[in-house]
1. Hey, rough spin-label estimate for V61 and Q209, points 7 angstrom out along Cα→Cβ, what's it come to in nanometres?
2. Using 0.36 nm per residue of separation minus the Cα-Cα distance, give me the extension gain between D156 and L28 in nm, one decimal.
3. Report, in deg cm²/dmol and to the nearest 500, the calculated mean residue ellipticity at 222 nm for the chain, where each DSSP H run with n ≥ 4 adds -39500 (n - 2.57) and the sum is divided by the residue count.
4. How far, in nm, would the chain grow between R194 and S169 when pulled straight, counting 0.36 nm per residue and subtracting the alpha carbon separation?
5. Among A164, L17, S58, whose Cα sits farthest toward the positive end of the charge dipole of the chain (+1 at Cβ of Lys/Arg, -1 at Cβ of Asp/Glu, about the Cα centre)?
6. Angle between the Cα long axis of helix 130-144 and the longest principal axis of the chain, 0 to 90 degrees, nearest 10?
7. Given DSSP loops and a limit of at most 12 other Cβ atoms within 10 Å, what is the longest stretch of the chain that contains no such trypsin sites (Lys or Arg not before Pro)?
8. Mind running the shape call on the chain? Use the C-alpha gyration tensor, a ≥ b ≥ c as the square roots of the eigenvalues: rounded below 1.5 for a/c, prolate if a/b tops b/c, oblate otherwise.
Amino acid sequence: MTQTTTTASIPRPDRTLAETDRTRHRRLREQGSLDRAALDAILAAGFVCHLGVIVDGSVRVMPTVYGSDGTTLYFHGSVASRSLVSSPDAEVCVTVTHVDGLVLARSAFEHGVNYRSAMIYGVPRPVTDDQEKTAGLRCLTEQCAPGQWDYARRPDRKELAATALLALSLDEASVKIRTGAPDDGDGPDAARGRWAGVLPLHTTWGAPQPDPALGTEPPAAPHHIAARADTPAS
Ligand SMILES: Cc1cc2nc3c(=O)[nH]c(=O)nc-3n(C[C@H](O)[C@H](O)[C@H](O)COP(=O)(O)OP(=O)(O)OC[C@H]3O[C@@H](n4cnc5c(N)ncnc54)[C@H](O)[C@@H]3O)c2cc1C
């Protein structure tokens, strides 16, 4: 999905991800990437992440929608969401994953997944300023459905007050990408003559389904929604 926020295209001088103790790849290092553009592409291609957070001493990994403006990830939810608001000063780890195919090898051991994934670490900042909150919510809405912020009614003061928004810097992040064939094409199992290869996985958007509340003759879906039918979703 292409993101249409105003700040996403601002060029950054350093296009390399800084390695830290926790982002340094140790296993399957060849799949690791320090290319900042790879991180941007993975984030731009999705809108759902998994937010790992400690709540009352117990780990939770919560699927949630995000928006990225190229330097910051935004998450939102109810002000009553304990995962979002109960540990304001705590470290979180966020993952974004796109599965591109199954890697079907000759041996069960060598089976794998072709994927693009990112992990982001940090302490999220609660956004309280109404103007910044509105910008963050715009970013998040546009990440899911570019064009929708201008089409839908904007949040009013009451809705803003009922919404928690967290901002997480993209300064500490790692990227891993696997592409290509199984790894055992030149191993002893190749002599077995069994099929091996990749079963690609493609996700695409479907045709828009009007809300039944629109009645039997609903208005046409706006172009920014209708045009996405049959296009890749990640
Ligand atoms: C859909 C999917 C399925 C997978 N299935 C398996 C599986 O069944 N078994 C398996 O062993 N591995 C699997 N992986 C790979 C897995 O995510 C780890 O990369 C791998 O297991 C190495 O883990 P580790 O803790 O030894 O990594 P380490 O190399 O010790 O990790 C060091 C640091 O590298 C970064 N890192 C590690 N993995 C990733 C990643 N995937 N994306 C972004 N940054 C990363 C993190 O910042 C981490 O702290 C899968 C990945 C995906 C996306």
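Where a number appears in this text, it was derived from the coordinates with a stated rule and is not lab data. None of the values given here were measured: they were computed from a predicted structure. Every residue, glycine as well, gets a Cβ built from its backbone with ideal geometry; the counts of neighbours run over all protein chains shown.
1. It is 2.9 nm.
2. 41.3 nm
3. Numbers: 6 runs with 41 residues, N = 234.
Result for the chain, helices only: -4500 deg cm²/dmol.
4. Numbers: separation 25, 0.36 × 25 = 9.00 nm, distance 4.70 nm.
4.3 nm is the gain from fully extending R194 to S169.
5. Of the listed residues, the answer is S58.
6. Long axis of 130-144 versus the principal axis of the chain: about 40 degrees.
7. On the way: sites that count: R22, R24, R26, R27, R153, R194.
Formally, the longest exposed-site-free interval is 28-152.
8. Numbers: a/c = 2.09, a/b = 1.37, b/c = 1.53.
Oblate is the answer for the chain, as a/c is 1.5 or above yet b/c matches or exceeds a/b.
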